[in-house]
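What follows is a single structure, written as C-alpha coordinates, with notes after it.
The values are calculated or read from the model by the stated rules, or taken from the named source; none is laboratory data. Since the structure is predicted, the reported quantities are computational estimates derived from the model, not experimental observations. Glycine also receives a Cβ, built like all others from the backbone with ideal geometry; neighbour counts cover every protein chain displayed.
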Amino acid sequence: MNKKSGILGVSQVTSDNRDIEEGARNGNKRYQLIESMIVHQLTKLVGSYAAAMGGVDAIVFTGGIGENNPHYRARVAKNLEFMGVKIDEAKNDKAKRTSDENDVSAADSKVKVLVIPTNEELMIAKDTKELISK
(Lines give C-alpha, C1' and ligand atoms only; values in the text may rest on other atoms or scores of the structure.)
Protein backbone atom coordinates (compact mmCIF):
# COMPACT_ATOMS: atom_id res chain seq x y z
CA MET A 1 0.00 0.00 0.00
CA ASN A 2 2.78 2.47 0.82
CA LYS A 3 4.87 1.81 -2.27
CA LYS A 4 2.40 1.09 -5.07
CA SER A 5 -0.67 3.21 -4.34
CA GLY A 6 -1.54 6.82 -5.02
CA ILE A 7 -0.27 8.21 -8.32
CA LEU A 8 1.71 5.06 -9.07
CA GLY A 9 -1.35 2.93 -8.39
CA VAL A 10 -3.46 4.91 -10.83
CA SER A 11 -0.80 5.19 -13.54
CA GLN A 12 0.47 1.62 -13.05
CA VAL A 13 3.78 2.86 -14.50
CA THR A 14 5.22 5.93 -12.77
CA SER A 15 4.72 8.51 -10.06
CA ASP A 16 7.05 11.04 -11.72
CA ASN A 17 5.02 14.15 -12.44
CA ARG A 18 7.08 14.97 -15.54
CA ASP A 19 6.01 11.65 -17.06
CA ILE A 20 2.41 12.22 -15.96
CA GLU A 21 2.36 15.70 -17.52
CA GLU A 22 3.78 14.46 -20.84
CA GLY A 23 1.54 11.40 -20.95
CA ALA A 24 -1.56 13.48 -20.23
CA ARG A 25 -0.65 15.87 -23.04
CA ASN A 26 -0.30 12.85 -25.34
CA GLY A 27 -3.78 11.57 -24.48
CA ASN A 28 -3.06 8.92 -21.83
CA LYS A 29 -6.39 8.61 -19.98
CA ARG A 30 -4.83 7.38 -16.72
CA TYR A 31 -2.43 10.32 -16.67
CA GLN A 32 -5.25 12.74 -17.44
CA LEU A 33 -7.18 11.23 -14.52
CA ILE A 34 -4.16 11.75 -12.25
CA GLU A 35 -3.92 15.38 -13.30
CA SER A 36 -7.62 15.87 -12.57
CA MET A 37 -7.20 14.21 -9.18
CA ILE A 38 -4.24 16.43 -8.27
CA VAL A 39 -6.02 19.61 -9.39
CA HIS A 40 -9.11 18.56 -7.39
CA GLN A 41 -7.05 17.98 -4.24
CA LEU A 42 -5.15 21.27 -4.63
CA THR A 43 -8.41 23.16 -5.18
CA LYS A 44 -9.96 21.56 -2.07
CA LEU A 45 -6.89 22.39 0.01
CA VAL A 46 -6.71 26.03 -1.02
CA GLY A 47 -10.47 26.42 -0.81
CA SER A 48 -10.64 24.96 2.69
CA TYR A 49 -7.89 27.26 3.95
CA ALA A 50 -9.58 30.24 2.30
CA ALA A 51 -12.86 29.35 4.00
CA ALA A 52 -11.17 28.89 7.38
CA MET A 53 -9.39 32.24 7.08
CA GLY A 54 -12.28 34.19 5.58
CA GLY A 55 -10.48 34.69 2.27
CA VAL A 56 -6.90 35.01 1.10
CA ASP A 57 -4.62 37.78 -0.11
CA ALA A 58 -2.30 35.45 -2.03
CA ILE A 59 -1.89 31.88 -3.18
CA VAL A 60 1.66 30.56 -3.41
CA PHE A 61 2.64 27.63 -5.58
CA THR A 62 5.93 26.06 -4.54
CA GLY A 63 7.67 22.71 -4.42
CA GLY A 64 8.10 20.42 -7.40
CA ILE A 65 4.57 20.45 -8.77
CA GLY A 66 3.76 24.03 -7.77
CA GLU A 67 6.91 25.46 -9.30
CA ASN A 68 7.08 23.34 -12.43
CA ASN A 69 3.56 22.77 -13.67
CA PRO A 70 1.80 25.81 -15.14
CA HIS A 71 -1.05 23.57 -16.30
CA TYR A 72 -1.94 22.67 -12.69
CA ARG A 73 -1.65 26.29 -11.57
CA ALA A 74 -3.97 27.44 -14.36
CA ARG A 75 -6.56 24.75 -13.63
CA VAL A 76 -6.53 25.42 -9.88
CA ALA A 77 -6.86 29.17 -10.49
CA LYS A 78 -9.77 28.54 -12.87
CA ASN A 79 -11.49 26.51 -10.14
CA LEU A 80 -10.97 29.38 -7.70
CA GLU A 81 -12.24 32.17 -9.96
CA PHE A 82 -15.25 32.55 -7.66
CA MET A 83 -12.75 33.97 -5.10
CA GLY A 84 -11.40 36.48 -7.64
CA VAL A 85 -8.35 34.39 -8.56
CA LYS A 86 -7.12 34.99 -12.10
CA ILE A 87 -3.85 33.98 -13.75
CA ASP A 88 -2.08 35.69 -16.62
CA GLU A 89 -1.46 32.73 -18.95
CA ALA A 90 1.69 34.23 -20.53
CA LYS A 91 3.28 34.95 -17.15
CA ASN A 92 2.22 31.52 -15.89
CA ASP A 93 3.81 29.74 -18.85
CA LYS A 94 7.09 31.68 -18.40
CA ALA A 95 7.25 30.75 -14.71
CA LYS A 96 7.98 27.07 -15.47
CA ARG A 97 11.25 25.63 -14.15
CA THR A 98 12.83 28.94 -13.18
CA SER A 99 14.74 29.85 -10.04
CA ASP A 100 13.03 33.25 -9.81
CA GLU A 101 10.01 34.30 -7.82
CA ASN A 102 7.14 35.08 -10.17
CA ASP A 103 3.85 36.89 -9.84
CA VAL A 104 1.57 35.15 -12.34
CA SER A 105 -1.57 37.05 -11.36
CA ALA A 106 -3.71 38.64 -14.03
CA ALA A 107 -3.96 42.42 -13.76
CA ASP A 108 -7.56 42.18 -12.54
CA SER A 109 -7.03 39.31 -10.08
CA LYS A 110 -8.29 40.06 -6.58
CA VAL A 111 -5.82 37.51 -5.19
CA LYS A 112 -2.07 37.49 -5.86
CA VAL A 113 -0.91 34.24 -7.44
CA LEU A 114 2.78 33.64 -6.85
CA VAL A 115 5.28 30.96 -7.87
CA ILE A 116 8.10 30.85 -5.34
CA PRO A 117 10.92 28.33 -5.68
CA THR A 118 11.89 26.34 -2.64
CA ASN A 119 15.24 24.88 -1.71
CA GLU A 120 14.19 21.58 -0.21
CA GLU A 121 17.76 20.39 0.31
CA LEU A 122 18.58 23.52 2.33
CA MET A 123 15.50 23.00 4.51
CA ILE A 124 16.47 19.37 5.14
CA ALA A 125 20.00 20.47 6.07
CA LYS A 126 18.68 23.16 8.47
CA ASP A 127 16.26 20.71 10.08
CA THR A 128 19.02 18.12 10.45
CA LYS A 129 21.38 20.67 12.02
CA GLU A 130 18.67 21.70 14.47
CA LEU A 131 17.98 18.08 15.43
CA ILE A 132 21.62 17.16 16.03
CA SER A 133 22.33 20.38 17.92
CA LYS A 134 19.93 19.49 20.72
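Details
- Scoring LYS110 on the criteria (1) at pLDDT below 90; (2) of a type outside the set (Phe, Trp, Tyr); (3) more than 15 Å from the chain's Cα centre (by Cα); (4) not in a helix (DSSP H, G or I) leaves a single failure, condition (1).
- ALA50 meets all of the listed conditions (1) among the hydrophobic types (A, V, I, L, M, F, W, C); (2) touching a residue at least 24 places away in the same chain (Cβ under 8 Å); (3) in contact with an Asp or Glu (Cβ under 9 Å, 6 or more places away or on another chain) but one, namely (3).
- Here the helices (runs of 4 or more DSSP H) wholly within region 1-104 that include at least 1 residues being at pLDDT below 90 and either surrounded by 12 or more Cβ atoms within 10 Å (Cβ to Cβ) or of a type in the set (Gly, Ala, Ser) (or both) are 6-11, 17-25, 63-68.
- Within this structure, TYR72 passes the test of being of a type in the set (Phe, Trp, Tyr) and closer than 20 Å to ARG18 by Cα.
- Residue identified as of a type outside the set (Lys, Arg) and touching a residue at least 24 places away in the same chain (Cβ under 8 Å) among SER11, SER105, SER36, SER109: SER109
- Restricted to region 105-134, and to residues there that are exposed (fewer than 14 other Cβ atoms within 10 Å of the Cβ) and among the β-branched types (Val, Ile, Thr), the residue that is farthest from VAL56 (Cα to Cα) is ILE132.
- Selection from region 79-88 of residues that are touching a helix residue (DSSP H, G or I) at 6+ places or on another chain (Cβ under 7 Å) and charged (D, E, K, R): LYS86
- In region 118-134, the qualifying residues are those that are in a helix (DSSP H, G or I) and among the β-branched types (Val, Ile, Thr), and the one that is modelled with the lowest pLDDT is ILE124.
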